[in-house]
Amino acid sequence: MTQSGAFNHNIMSRITGSLWLTGTAISLVLACIMVAGLIWLDHSNPPPLDQAEDFSVEVVDRNNRHLKIFTNNAGRWRLKTQLDKIDPNFLKMLIAYEDKRFYDHHGVDPLALLRAAGQLIQSGKVVSGGSTISMQLARLMEPRKQRSITTKLWQIFRSVQIERRLSKQQILERYLTLAPYGGNIEGVRAASLAWFDKEPQKLALREAALLVALPQSPENRRPDRWPHRAKKARDRVLERLMATGIFSALEVRRVARLPISANRPSMRQLVPHLAQFATDRDPAALVHKSLLDANLQDCLEKLAHQSARKINSRASVAIVVADSQSGDILASVGSAGIEDESRKGWIDMTQAPRSPGSTLKPFVYGLAVEDGLVRPASMITDRPTDFGGYRPANFDLTFQGDISVRQALQRSLNVPAVKLMDAVGPTRLVARMKRAGVSARFPSNSYPGLGLVLGGTSLSLTELVQLYANLTQTRDRPISLGDGIRSIPGELNGRAILSPVAAWHVRDILFGIREPNGSKRLAIGYKTGTSYGHRDAWSIGFDGRHVIGVWVGRADNGPLPGITGMKTAAPILFESFAKSTLKLEPLPPAPAGALRESISELPAQLQYFQEKAFRARFSNIQQAESLVIAFPSHGDELEQSEFADGSDAPVIIKLQGGVPPFRLLENKRLIDTVFRQRHLSWTPKSKGTSSLLVMDSLGQTQALDIIIR
C-alpha cells in the first residue's frame, strides 16, 4: 500500500470510528429518551386500578352465606374475589388454559405472542390469543371496542404497569373480580352464585371448566341462552387440559356426557327490609353480616308468600325466629313480598306496632301464680262481670262458668284473664315487660288499664318474640334479641320477667294447648291472639330453645274478616316449625318447688280464686273514695335523712282514699313495686325536683312535684 493509500485508509477508519461512536451515542440518547418517556408515561398515566373497587354490596348470614346482593353503581353483579375462597382446581385449570407461564413472566409472554402470530399467518385467522392474564386484566379495566395493533400495544404497556404495582395474587384476584360471565355478571364468585347457586369454594369439574370457558365469549356461551355452545366450549377446555395431563381421558369423557342446563337458578335475594336498613345505616360498607340463617330465611320467606296467597289478596304475613338461649334472631320475614303492591309489601311488619290481642295473657297468669293468687289447678269463674263499666266478653260470646286456671288460659278466656289482670295490676305487667326490654305503647296522656291483657296496647312482632324468649328460659337476667344489624343480642340488667316457678307453670300450660285443625302435633307450646276487628292474627310458639312468632293481617291496618290467631296464624306457626331446619329441643327441667298439682292437693285458699274482694270494690264505684296525697304537698321541699350506715332513708308518701294496690311513677318512670298500704316508701333517685304520680287500681291518679335536698 502506498503512503497515500495508507493515509486515506487511516482517515476512513477514523471517520468510521467516529460515526460508530456518534451512532452509539445517538442510540444511547434515544434509548434514554425512550426510557425517560416510558417512565414519564408510566407516572402520568397510571392504570385505573380503582375501577375494580366498584363492588356489589352484600348482606350475609351467620355463616357468611349470602342473603341479598345489590348490583353495583354500573348495574352489575360484581363481588370481591379472594383466592383462598376459590376452588384450587379451578385456579389450576384457569392458569393452565389461559396463561401457563403466568408466574414466570412480567406481564407479557413473548412465546405466547409469537405462537399466536405464527398461527395467524399460517391459517389467516386467530387460532389462539397471546394475551396473558395481566393483559386481559388491562383490557377489562379499559375496555375498547376497536381491536388494533395500537390497542394491543397499549394493553402490553398496561400489563407491565400492572405487574409493577400488584403481586401475582392481586392480579389474579382482580381478574377474577372483573372477568365477564354473561349478562351483567362479573367475577367468578358472582358467576358461581348465578349459574350454580353455590359459592366457588368447591366446584365440580364440569362447573370449573365452564367458568374457565365463559370469559372468552361470555354472551355467545351463556348457558341460559346457548347451552349447546356453552357445552362445546366447556368440553374444549377439558380436552386441552387433558392434553397437558391435568385430567385423564376417562374424566373428560365422563364430564362430556353431562348436558348443560338452560335453567338459570335465581340468585337469592332475601331479607329485603333488613338489607335496606343495613345499607341506609352504613352506605360505605361492602358486607353487612347478620345473625340470620340463610336456609331458614329462604324457607320461611317462601312459606310467608304461599300462606298470604291462600288467605287474601291484601293479606301479609310476617315471621320472626329467635334462639332464646343466645338471643340471636335466626330469621326475620317482614312481609309476603316486598314488591307486592296490593299487600303493601314494602312495610316491615316485624317492626310495626300492632295490637297483640291475647298474646300477653300468659304473663298475667304468671304474675298471678308468682303472687300466690292461683295455681294452674285453681278454679276461677268465667261469668259476665262488670269491672266499673268495663264488661269483657269471650271471643265466642259464651261463658264457661267455673273452670280451672289451666283451662282458662288454654282456651284464652277473656273474663278470667281480666280478673287476674285486675288482681296483679296493669302497671305491674308493664313493668315486667320493661324488664325484658319491651315498652308497651299507649296513647298520649293515658295509662294502662284492664284492657291491656286483651290487646289494649301496641307491640311489634319482634318485641312479642322477645317477651316469649324471656318466658322460655330459666335465666337470672333477661335477654334482648338481635339480628346483628338492627341490634345486638345480649343480657339486660335486672331480674327475669317471671320467677322460675311461675314461668315453668306458664310454659307447662301452654304446652298443653292442642294443635290447630289440620296441623301435625309438635312438641311445642304456643299462644294465639286476635286483635279487635280481625285486624291482626298472632301465634307465638316455642320449644326448649327456639321461639317463632307469626303475624297475619293487612299492613294498612284494615280488617281481614274471618282471620283469627288459631285458624289463620297458628297453622303457619306449626308449618314454620315443621318445614324449618330447626331441631326441636325439650324444655328446661322444672325448678325446685314447681309441681303439677290437682285441686285437692292445693291449700284451701288456692283451690278457688278469691275474687270477692275484687268484685266488691267495683259493685258501686261511685262510692269509692277519691285518691288524695295527704303528704307531702305539691311544691314541698324535703330534707332527705340518712341511716347510720350512710345510705339514704326513704321518703314516706301518705295517701287517703283510693283503692289499693297503688303504683308510683317517678319522673314518668314506673317503680316496680306494688304498694298495698296507704304509706308508700320511696327512695329518690337523685336530689332536686322530682315529679311523682300515684295511681290506684281504679286508674285514679294524683300528681305532685317536690324538691329533695
Answer with a single label: of [x] 153, 67, 46; [y] 83, 67, 53; [z] 105, 64, 48, which was calculated as Cα extents along the principal axes in Å from the structure in view? [x]
Of the peptides 457-464, 474-481, how do they stack up when ordered by the mean number of other Cβ atoms within 10 Å, highest first? 457-464, 474-481
Among L522, L153, rank each residue by its count of other Cβ atoms within 10 Å, from fewest to most, as a rough exposure measure. L153, L522
Express as a percent, rounded to the nearest 5, the fraction of DSSP beta bridges in the chain (both residues included) that run antiparallel. 85
Tally Lys and Arg at +1 and Asp and Glu at -1 over the other residues with C-beta under 9 Å from the C-beta of L692: what net charge comes out? -2
Net +/- balance of residues flanking P478 in space, Cβ distance below 10 Å, scoring K and R +1, D and E -1: +4
Roughly how many nanometres apart are two label points built 7 Å out from the Cα toward the Cβ at Q306 and R383? 4.9
On the formula 1/(1 + (r/R0)^6), with r taken between the Cβ atoms of R229 and K579 and R0 of 51 Å, the FRET efficiency rounded to 0.05 is 0.85
For region 332-375 and region 149-164, distance of Cα centres in Å: 63
Calculated log₁₀ intensity ratio I(q)/I(0) where the Debye formula runs over C-alpha points of region 361-599, q = 0.07, 0.11 Å⁻¹: -0.21, -0.55
The exposure ranking of K68, K419, fewest beta-carbon neighbours within 10 Å first, is K68, K419
If the chain between E491 and N184 were fully extended at 0.36 nm per residue, the gain over the current Cα-Cα distance would be 106.0 nm
Find how much the distance from L49 to A74 grows on full extension, using 0.36 nm per residue of separation minus their present alpha carbon separation; answer in nm with one decimal. 7.4 nm
For a quick check: sort V694, V369, V651 by the number of other beta carbons within 10 angstrom, fewest at the front. V651, V694, V369
Using a Förster radius of 56 Å, what is the FRET efficiency between L638 and N517 based on their Cβ-Cβ separation? Nearest 0.05, please. 0.35
Going through K68/K344; K85/K289; K80/K289; K434/K579; K80/K168; K100/K231 one by one, the pairs whose alpha carbons sit over 27 Å apart turn out to be K434/K579
One finds the C-alpha centres of region 302-330 and region 220-279 to be spaced, in Å, by 34
Charge context of Q297, other residues only, Cβ under 13 angstrom, K/R +1, D/E -1: 0
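Any read-out appearing in this document is the output of simple, stated calculations on the displayed coordinates, not a laboratory observation. What you are looking at is a predicted structure, and each value in this text was computed from that prediction instead of being measured. Glycine gets a Cβ as well: all are built from the backbone with ideal geometry, and neighbour counts include every protein chain shown.
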